[in-house]
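The values are calculated or read from the model by the stated rules, or taken from the named source; none is laboratory data. Predicted model only: the values in this text are computed from it and were never measured. In this analysis, Cβ positions are derived from the backbone assuming ideal geometry, glycine residues included, and neighbour counts consider all displayed protein chains.
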């Protein structure tokens with residue numbers, strides 16, 4: 001028996017338990033707190049599965065940003081006069097159990113997996129320009145997927161901004177003016193920016209990269225926003241639009257630079273893969289940060305207006 | 001059993017729990033939570049299906065990294081739409097009022113929720 | 001088992017024990033102020049012990065400093081978060097503070113802020 005199997009069993013049981021508690025608890029706030037715990041347990045699961053990039057991204061994005069977003073939403077949505085319902089779905093439960101049985105049977109009885117692309121990847125790593133495999137796959141070998149992802153993010157950002165209320169001071173934040181918080185964000189803001197730049201740079205040879213750096217920058221922005229600091233670059237205008245599309249445009253330029261030299265699309269010129277990847281990653285993380293941050297802040301007005309009508 | 005297979009089975013559990021809740025419970029925020037749980041389950045299955053003890057395959061890791069970011073963007077947009085809907089209509093479900101009251105049933109052993117006076121409802125800081 | 005391994009095991013295990021105690025406090029304490037006390041003090045001490053244990057097997061000075069930075073950041077963040085939660089809770093519960101829908105004035109009169117809370121010193125010593 002594998003020595004760490006007991007720990008893995010505990011982590012899996014805790015994952016299932018926290019997910020059930022998140023989805024089925026009576027109080028929405030409690031459910032969201034359990035969801036944050038679920039995100040952190042997923043980060044531990046990624047560490048156990050030897051994927052530190054995923055652990056970083058899951059902790060920053062799923063536990064941190066999604067948790068803050070959902071807590072914000074629960075604070076506005078919860079109406080104590082309308083109690084949460086609790087139903088016992090027999091039909092859906094039965095069908096789900098059948099699906100679970102089929103999935104478990106498929107996972108346990110799988111045929112011999114072929115080694116996948118690991119051998120081909122190891123052979124091609126020196127031409128990729130970076131020394132970390134996941135970054136190489138993301139930004140060189142499968143850069144088309146990352147390009148599609150950044151275009152999805154840009155589209156989401158524009159839809160989110162389109163839903164934003166027109167008044168620029170519409171977000172009536174309850175100002176938390178607390179000297180301890182001010183000192184904390186005065187220290188923590190620069191530290192978070194520094195750590196995100198480090199993550200971006202370290203992504204070429206260690207776990208890290210553009211997504212984690214962008215998520216950390218977005219988290220820094222969310223912290224500032226929730227502390228009542230107004231972020232002037234989030235007002236709709238030319239600066240915001242430039243930041244949002246810069247990742248997409250730079251990636252597109254790098255992708256079409258191939259056909260100008262006679263190589264296929266999404267192929268970088270030989271020898272320039274390293275600098276190209278770093279330039280793309282810089283703009284990508286900036287774009288991701290601004291996108292995630294503006295999706296967080298583009299919300300309807302707070303509940304103060306809700307109590308007066310609607 | 002290899003630890004990776006254990007995580008893949010756990011991912012299957014998470015997917016099924018999320019799917020069941022997403023289909024059955026009409027409250028929109030719970031559906032969004034269920035969507036995230038389903039996504040987590042699928043990611044675990046993607047990375048967990050490999051031979052025991054082998055070098056971790058970077059290609060599924062890259063795909064799951066992309067998936068995590070896109071899942072957050074979708075969740076953020078969904079929450080934005082939900083808050084817009086709540087602001088406009090005052091409800092957090094898509095069902096009409098009379099159908100929503102029909103779902104309002106308790107299972108065995110539940111007591112009616114009373115307004116909590118103490119520690120746990122502290123989200124409106 | 002070398003001395004370093006032994007020291008590491010002792011530090012890691014005692015860190016986990018402190019986390020366990022902190023979680024026990026979280027589950028058993030009656031209200032928010034005492035729970036914050038358990039979470040911020042006990043859990044940070046547990047984290048410090050675990051970080052010390054990990055430092056013993058760190059490869060270089062950079063890793064040691066990064067671990068120290070992790071501990072300091074967690075300390076600062078949890079202290080501030082605990083303060084903010086306690087601050088908000090105190091101002092909500094105070095008679096005359098903003099009332100949440102569903103709460104009644106009866107609750108404020110029946111259970112005033114007792115001076116024997118575990119949140120350390122009385123935040124406003126001059127208030128009756």
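Tabulated data for the structure shown
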read-out: Odd one out for residue C:33 among (1) without any contact (Cβ under 8 Å) to a residue 60 or more places away in the chain; (2) surrounded by 18 or more Cβ atoms within 10 Å (Cβ to Cβ); value: (1)
read-out: Residue A:254 being under 14 Å from residue A:141 (Cα atoms) and part of a helix (DSSP H, G or I); value: yes
read-out: Positions within the stretch C:61-80 being within 13 Å of chain A (Cβ to nearest Cβ) and either touching a residue at least 24 places away in the same chain (Cβ under 8 Å) or over 20 Å from the mean Cα position of the chain (by Cα) (or both), in sequence order; value: C:62, C:63, C:65, C:66, C:74, C:75, C:78, C:79
read-out: Candidate set from the stretch B:67-104 (those that are at the interface with another protein chain (Cβ under 8 Å from one of its Cβ atoms), under 19 Å from residue A:31 (Cα atoms) and not in a helix (DSSP H, G or I)); member that is modelled with the lowest pLDDT; value: B:104
read-out: Residue count, the stretch A:61-72 (criterion: surrounded by fewer than 24 Cβ atoms within 10 Å (Cβ to Cβ), farther than 17 Å from residue A:289 by Cβ and over 10 Å from the mean Cα position of the chain (by Cα)); value: 3
read-out: Conditions (1) surrounded by 23 or more Cβ atoms within 10 Å (Cβ to Cβ); (2) closer than 16 Å to residue A:19 by Cα; (3) more than 14 Å from the chain's Cα centre (by Cα): number failed by residue A:58; value: (3)
read-out: Extreme residue, modelled with the highest pLDDT, among residues of the stretch A:73-94 that are more than 8 Å from chain B (Cβ to nearest Cβ) and in a helix (DSSP H, G or I); value: A:94
read-out: Cross-chain or 6+ apart pairs with Cβ under 6 Å, the stretch A:140-165 first and more than 9 Å from chain B (Cβ to nearest Cβ), then in a loop (DSSP other than H, G, I, E, B); value: A:140/A:128; A:143/A:266; A:144/A:266; A:161/A:298
read-out: Residue in the stretch B:41-57 that is farther than 21 Å from residue A:41 by Cβ, at the interface with chain A (Cβ under 7 Å from one of its Cβ atoms) and assigned to a helix (DSSP H, G or I) present; value: no
read-out: Exclusive hit being modelled with pLDDT of 90 or more, over 19 Å from the mean Cα position of the chain (by Cα) and farther than 25 Å from residue B:81 by Cα, set A:197, A:191; value: A:191
read-out: Qualifying positions in the stretch A:16-32 - surrounded by fewer than 21 Cβ atoms within 10 Å (Cβ to Cβ), modelled with pLDDT of 90 or more and more than 7 Å from chain B (Cβ to nearest Cβ); value: A:17, A:21
read-out: Failed item, numbered, when residue B:111 is tested on (1) at pLDDT 70 or above; (2) more than 7 Å from every other protein chain (Cβ to nearest Cβ); value: (1)
read-out: Scope the stretch A:207-248; condition touching a helix residue (DSSP H, G or I) at 6+ places or on another chain (Cβ under 8 Å), within 14 Å of another protein chain (Cβ to nearest Cβ) and part of a loop (DSSP other than H, G, I, E, B); matching residues; value: A:207, A:208, A:209, A:227
read-out: Subset tally (residues that are at the interface with chain B (Cβ under 7 Å from one of its Cβ atoms) and either crowded, with 21+ Cβ neighbours inside 10 Å or touching a residue at least 24 places away in the same chain (Cβ under 8 Å) (or both)) for the stretch A:39-55; value: 7
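Every residue, every condition in (1) in contact with a helix residue (DSSP H, G or I) (Cβ under 7 Å, 6 or more places away or on another chain); (2) on the phi > 0 side of the Ramachandran plot; (3) at pLDDT 90 or above, yes or no:
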residue: C:44; (1), (2), (3): yes, no, yes
residue: C:49; (1), (2), (3): yes, no, yes
residue: C:55; (1), (2), (3): yes, no, yes
residue: C:65; (1), (2), (3): no, no, yes
residue: C:70; (1), (2), (3): yes, no, yes
residue: C:85; (1), (2), (3): yes, no, no
residue: C:89; (1), (2), (3): yes, no, no
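Here is a yes/no grid of residues against (1) touching a helix residue (DSSP H, G or I) at 6+ places or on another chain (Cβ under 7 Å); (2) under 18 Å from residue A:126 (Cα atoms):
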{"residue": "A:258", "(1), (2)": "no, no"}
{"residue": "A:269", "(1), (2)": "yes, yes"}
{"residue": "A:275", "(1), (2)": "no, yes"}
{"residue": "A:284", "(1), (2)": "yes, no"}
{"residue": "A:291", "(1), (2)": "yes, no"}
{"residue": "A:295", "(1), (2)": "yes, no"}
